[in-house]
1. Please list, ordered by first then second residue, the pairs with beta carbon atoms under 9 Å, 6 or more apart or interchain, first in the stretch 81-95 and surrounded by fewer than 18 Cβ atoms within 10 Å (Cβ to Cβ), second not aliphatic (A, V, I, L, M) and not in a helix (DSSP H, G or I).
2. Are there any pairs with C-beta distances below 6 angstrom linking a residue in the stretch 56-68 that is farther than 20 Å from Lys81 by Cα to a residue that is at pLDDT 90 or above and not in a loop (DSSP other than H, G, I, E, B), with the two at least 6 apart or on different chains, and if so which?
3. Considering each residue of the stretch 18-51, count those that are over 19 Å from Lys88 (Cα atoms) and exposed (fewer than 13 other Cβ atoms within 10 Å of the Cβ), and give that number.
4. Within the stretch 96-112, which residues are without any contact (Cβ under 8 Å) to a residue 12 or more places away in the chain and not β-branched (Val, Ile, Thr)?
5. Quick one: would you say Ala14 is exposed (fewer than 15 other Cβ atoms within 10 Å of the Cβ) and modelled with pLDDT of 95 or more?
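The values are calculated or read from the model by the stated rules, or taken from the named source; none is laboratory data. Since the model is a prediction, treat every value here as computed from it, not as a measurement. A quick note on method: Cβ atoms are made from the backbone with ideal geometry, for glycine too, and the neighbour counts reach across all protein chains shown.
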Amino acid sequence: MITTMTSVDIIEEAAKLSDMILASDTFAHYQQCRYKLLQDKKAQTLIQQFNKWKERYEEVQRFGRYHPDYDVVSTEIRVAKRAMDSEKTVSDFKKAETELEQLLNEISQIIAHEVSEHIKVPTGNPYFDSMSCSGGCSTGGGCGCN
């Protein structure tokens, strides 16, 4: 690839944008919540328990309802997930993670739409993904696209 001044400028601007994201309140809050989560022994224990049940659940899912432990494992994984999610440090971390993801999605959409309004940017949110449709979705315009 031949490097031009334009590509160098783009790389410099991307580095500046990255620095701004890393200096943002959203990222600082995410790091703070992540640190608290990693230091919380109770939350770490609940996460480990959930992961063990998750492995068992994946094993049981190979056979579905026909596996002898299906009901027990299905119940226990829900109980473990509820216990893990109700822990304050876990819920705070998930909320901070979602906020950071939203920031990154917004930035991605802004950059993409600066290039062309027809660029589709997956956000992970079906509502916004359908809004970013710019045609060719095979619904005959039912989604409101052009």
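1. These pairs meet every condition: Lys88/Asp40.
2. Between residues of the stretch 56-68 that are farther than 20 Å from Lys81 by Cα and residues that are at pLDDT 90 or above and not in a loop (DSSP other than H, G, I, E, B), the close pairs are His67/Val60.
3. 6
4. Gln102, Glu106, Ala112
5. no
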